[in-house]
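Notes for the one structure printed next.
Every number here is computed from the coordinates shown, using simple stated rules; none is lab data. Owing to the predicted nature of the structure, the values given are computational and were not obtained by experimental measurement. Cβ sites come from the backbone with ideal geometry, for glycine too, and all protein chains shown count toward neighbours.
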Amino acid sequence: MSMSHKFSSKKAAIESELPSFEIAFEKDPEYQDALAKDREEQSGQHPHSVKTCYVDSYFEEIAVHLGDLKNEESEAEIVLGKKMEPPHVGAVVVFDGVAYCAKRSAFKHGDHAEHSVLDTMLGDADLREKGAVLYGTLEPCTKQSRSKWTTSCTELIIARGIRKVFVGSLDNNPLVEGQGIGRLLQEGVEVHFFKPGFANRCRHQNDSFRAQFSNGLAKEIKAVGAFLRNRLDWPSVSFYCRRRSDAKAKWLEAGAEDLGSDALRRFYAEMIETGHLSSDGKTCELSDDFSLCFLKDPSEFVSCYEVDFLRPVDAKSPGNDPTERIGASIIRLMASDGSDSLLASLALKVAGRVPDSDLKTFVENVLTERCRLPKKMDPFKEAAFNALVHHAYRSGSPIVFLIKGDGIAVSNCAARLSKEDALTLENEGWPSLPANPRLMQLLVNCGLVQRSGRGLPSIREVASISVKGYQGWSVVQAAFPKETK
Ligand SMILES: [Zn+2]
């Protein structure tokens, strides 16, 4: 490993054109000069003038030099599912009198510059204690932009205890832009930008890298965004996005404005990356999974099994068609076990064209296979059907099967229950009168349930039932623990 290149002057280091080096800068006359100039300015007569800070410029220039060095031609990397030219990046970490400097791929093919310095060169150092400072030409990458096996530079910077970061330019990869810096600020890291001259150089180093996003994905996002604007089911999208960053995120009703344009753009980028969405600028293609999970009316794109029952309507509101039907988008599945899957294929099973067999397959095979609940199949099936027939579809909330590492929870929304009724439900189970009698009839016709309400006690043997009030509705949840066998 070429870590032994040490210099005591910036000039000599830069002339070497090495992909990585160390500078013991305190002996460098150029550094001494910068230090003296800074001291002079500080004691000067203009306390309100913008500080030039020559010392920072000293390190910024080294970082820019490293970014200027050529990337190897073979370095293309997969960004957002496409093979792309990688960015030019230089990083300098100033620690204990030495500047540790590296470009991209300095030691290992494809390694980010920040990684090279923080891991390869400074792997054992306690950076927190001595107040190390990082100068990077490009905004550090984010969790969302890396595979789950790689630590992003932003997280690495935070983990290593660096409290001050200088950034040369923003990364316009939609999975990074502004979010790397945002994450640092969130963690209380001081973030500064390079001086305008150096910042410009950083931006121009990556002109062609940047163009790849602005020509490609940005256009695609624009196209799918326009296409989906009135089709998305906002609570689902919002839940998914929040679940991405917070495993404890709870379902709540949300509109487009609750999500924010940044999160929405990231959502589109991720869906494009995973192949759920694509567009040639004129037409858009949606995967079935995407349609079922995130559209208000998936039947526009996927042949759905239409649940035949009536939507309860507000009698006072004129113009309501009491025979309005609801499509099969009533079930949405979200994984909270950290897997990327939307589990939408499960929804597809239930939305298949042959209701009885598909519904049966859905509950008996797919869910249980996923959740390993084979032994106590009947109570689970009972709870799933109960959720279906007792759900308050008027609430606009979907029925949610929350699949977790330690089990599965089935939640549905009910009209606001009194405290007493809620207690009865928790202790005894659902009332035998279904809120959706026609759906009940349908399930009975398919031979999936018996009308009597038998099996309720069996649910309570295995699952815990809870009722919580939420925005004028009661959310009923049956939580089943995972079975080990
Ligand atoms: Zn990175």
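Okay, here's what the table says:
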{"quantity": "Above-threshold pairs, the threshold being 20 Å between Cα atoms, out of K70/K108; K27/K164; K10/K130; K108/K195; K37/K130; K143/K282", "calculated": "K27/K164; K10/K130; K108/K195; K37/K130; K143/K282"}
{"quantity": "Ascending count of other beta-carbon atoms within 10 Å, so fewest first, for C101, C153", "calculated": "C153, C101"}
{"quantity": "Whole-number D in µm²/s for the stretch 6-205 (Stokes-Einstein; Kirkwood sum over Cα pairs; 25 °C, 0.890 mPa s)", "calculated": "143"}
{"quantity": "Dimensions in Å of the stretch 127-216 - Rg and Dmax from alpha carbons", "calculated": "13.2, 44"}
